[in-house]
Amino acid sequence: MNRRIAAMLTLTAAACLTASCSILSPEPGTLNTSSGPTFTGPPGSGKSPEQQAGEGALAKISEYYTVLARLNSDPAAPLSDLDAVAAGRFLDRTKKEITTSRNENPTPPSDLKVLKNVITKHDIPIDETGAPTAGTATLQMDVCISKPVDKLELGKPILTNPSWPDPAGWRVTADYTQPGTPCSAGSF
């Protein structure tokens, strides 16, 4: 009987922790939990690895959309600017798409802003005490992007940090956004 109660409590705690860790609703520039306990990391760190990762990824995704808007609207802007915000085959494909777009018809200057985001999945390397450990961290997000003319679009990027826990290592490595898919910033 005691084992059943202990197992049930452990399962309930794990479910609560998993739900709380993977559903974070930040305002632009911050990362706060929408409900449940506030995360704290190992003694002395103040923030959980999930919060640290979320803050770094949020900063990088905002930078990514800023660079993308500039490259799409300014044919003189160097494509190498993407190297600081994207990586891998996704980086190569994005450069090709921008080059093609520039050759066909450059778009007018625009400003893309991340209004809200939700981390939908994460894989953050941590040790048995909950401290960040070296490895590759990955986050998947749903992002509500503000586009010109009061249009909101749902972005679905994946960010990878092969230098985790270095906060500067985040790069967009995939984006499953379906262009024109609307979002509501209030639903995040």
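The values are calculated or read from the model by the stated rules, or taken from the named source; none is laboratory data. None of these values were measured; they are calculated from a predicted model. All Cβ positions, glycine included, derive from the backbone under ideal geometry; neighbour counts span all protein chains shown. Surface accessibility is based on the protein's heavy atoms, side chains included, excluding ligands, DNA and RNA. Shrake-Rupley method; radii C 1.70, N 1.55, O 1.52, S 1.80 Å.
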### Query
Hey, does region 124-143 have a residue that's closer than 23 Å to R70 by Cα, of a type in the set (D, E, K, R) and out of contact with any strand residue (DSSP E or B) (no Cβ under 7 Å at 6 or more places or on another chain)?
no
### Of all residues making up region 127-154, the number that are touching a residue at least 40 places away in the same chain (Cβ under 8 Å) and either of a type in the set (K, R) or part of a strand (DSSP E or B) (or both)
8
### Task
Take N72 and decide whether it is open to solvent by less than 50 Å² (accessible area, probe 1.4 Å), polar (S, T, N, Q), at negative phi and touching an Asp or Glu at 6+ places or on another chain (Cβ under 8 Å).
no
### Candidate set: region 51-61, residues that are farther than 12 Å from A86 by Cα and small (G, A, S); chosen: the one surrounded by the most Cβ atoms within 10 Å (Cβ to Cβ)
A53
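Can you name the residue in region 60-97 that is among the hydrophobic types (A, V, I, L, M, F, W, C), touching a strand residue (DSSP E or B) at 6+ places or on another chain (Cβ under 7 Å) and in a helix (DSSP H, G or I) and is also nearest to A168 (Cα to Cα) among such residues?
In the first step, residues of region 60-97 are kept if they are among the hydrophobic types (A, V, I, L, M, F, W, C); the result is 61, 67-69, 71, 76-77, 79, 82, 84-87, 90-91.
Next, only the ones that are touching a strand residue (DSSP E or B) at 6+ places or on another chain (Cβ under 7 Å) stay: 61, 85-87, 90.
Filter once more, so that each one left must be in a helix (DSSP H, G or I): 61, 90.
Details: I61: 12, F90: 18 Å.
Checking each candidate, the answer is I61.
Just checking, does region 159-179 include any residue being in contact with a strand residue (DSSP E or B) (Cβ under 9 Å, 6 or more places away or on another chain) and on the phi > 0 side of the Ramachandran plot?
Taking region 159-179 first, the residues in contact with a strand residue (DSSP E or B) (Cβ under 9 Å, 6 or more places away or on another chain) are 159-165, 167-179.
From the residues that got through so far, the ones that are on the phi > 0 side of the Ramachandran plot too are none.
Within region 159-179, none of the residues are in contact with a strand residue (DSSP E or B) (Cβ under 9 Å, 6 or more places away or on another chain) and on the phi > 0 side of the Ramachandran plot.
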### Query
Which numbered condition trips up L139, out of (1) open to solvent by 50 Å² or more (accessible area, probe 1.4 Å); (2) under 15 Å from E55 (Cα atoms)?
(1)
### Query
Going by the conditions given, is P165 under 15 Å from G56 (Cβ atoms), out of contact with any Phe, Trp or Tyr (no Cβ under 8 Å at 6 or more places or on another chain) and buried (at least 18 other Cβ atoms within 10 Å of the Cβ)?
yes
